[in-house]
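The values are calculated or read from the model by the stated rules, or taken from the named source; none is laboratory data. Everything numeric here is computed off the predicted structure, so don't read it as measured data. Cβ placement follows ideal geometry from the backbone for every residue including glycine, while neighbour counts extend to all protein chains displayed.
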Amino acid sequence: MNTRLMNDTVRLLHEEWSPIAGIVLDIPCHDMNRLVQVLDHHQLEPKRQTVLLALYNLLHMARERHRDCSFSDPDLTRNILDGDYLYSLYLQMAVKFQETNLVSHLAPVLKQQKIALAEGRLIDEDLTMHFEKFLCGEYKQKQTGKAM
């Protein structure tokens, strides 16, 4: 586990996070560790690793909040609003840190996940795989640009 990266990610999220939202930051350590391995493999700058890990965490938490929604749950409205806030924070941070290509890459996946949730289907799809596909595609694009 890369403790420095995890701490930097939590710090960044706390800087961007509105305390008024009343959402408790929960770090999915197992999932984040898988993404840390992917980020290490791609040898990205530390700041970018932190941003990507923060974006991943926001998407994961938004999905969990929306997944926990049921009509009989007294916290239904709160879960929906929390998930929407986390998703909007993901978009806001992606724009701020110039990760809009990631947003474009993940948009179809996230759309399919939201449809599945609305239909009551479970989502087992791992976001880590989609982050890795994005980074591999980005690397290939850079290599193609260098070859020209």
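Here are some notes:
- Selected residue (criterion: nearest to the chain's Cα centre (by Cα)) from residues of the stretch 17-55 that are closer than 15 Å to Tyr90 by Cβ and at pLDDT 95 or above: Leu55
- Counting only residues that are farther than 15 Å from Glu99 by Cβ and assigned to a loop (DSSP other than H, G, I, E, B), the stretch 1-51 holds 12 of them.
- Per-region count, the stretch 11-57, residues β-branched (Val, Ile, Thr) and buried (at least 18 other Cβ atoms within 10 Å of the Cβ): 5
- Exactly one residue among Thr50, Thr128 is of a type in the set (Val, Ile, Thr), in contact (Cβ under 8 Å) with a residue 12 or more places away in the chain and under 20 Å from Ser18 (Cβ atoms), and that residue is Thr50.
- In this structure, Leu117 does satisfy being touching a Lys or Arg at 6+ places or on another chain (Cβ under 9 Å) and more than 20 Å from Asp26 (Cα to Cα).
- Qualifying residue in the stretch 74-86 (condition: in contact with a helix residue (DSSP H, G or I) (Cβ under 9 Å, 6 or more places away or on another chain), within 27 Å of Cys136 (Cβ to Cβ) and in a helix (DSSP H, G or I)): yes
- Test result for Leu89, under 19 Å from Thr128 (Cβ atoms), buried (at least 16 other Cβ atoms within 10 Å of the Cβ), touching a residue at least 12 places away in the same chain (Cβ under 8 Å) and of a type in the set (A, V, I, L, M): no
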